[in-house]
Amino acid sequence: MEKKNNNASTKTTNTERTTGRKFIKKYKFLIKRPCPLCSQGVLHVDYKNIELLNKFIANNGKILPRRITNLCAKHQKMITNAIKRARIMALIPFIRG
């Protein structure tokens, strides 16, 4: 018994070969928005500032990613470390439910 390959379904494009998955364009263009903390001139994020940290935590307690919060890499790292410290100090919960 011979296996028949359907050539139409096994064709791969250049992007599939390099990434291993199909390349799908979701957005035609991305708008680069400024970091909200850079525009306010924030130099240091304190773990005791719970009001600021709650803006960057989802309803279930997860830390929101950069693509949602529009933070730069420097401030995202500061926010992440401050949230983790506040959790250890029991200022904010690990999970919300």
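Brief remarks follow.
- If the Kirkwood radius is taken over C-alpha pairs of segment 29-97, then at 4 °C and 1.567 mPa s the Stokes-Einstein diffusion coefficient equals 104 µm²/s.
- With R₀ set to 35 Å, the beta-carbon distance separating K32 from K84 gives a calculated FRET efficiency near 0.80.
- Taking 0.36 nm per residue of separation and subtracting the Cα-Cα distance, full extension of the segment from H44 to R96 would add 16.1 nm.
No value in this document is a laboratory result; all are computed from the given coordinates. On a predicted model such as this, the values are computed, not experimentally measured, just so you know. With ideal geometry, Cβ positions are generated from the backbone for all residues, glycine too; neighbour counts draw on all protein chains shown.
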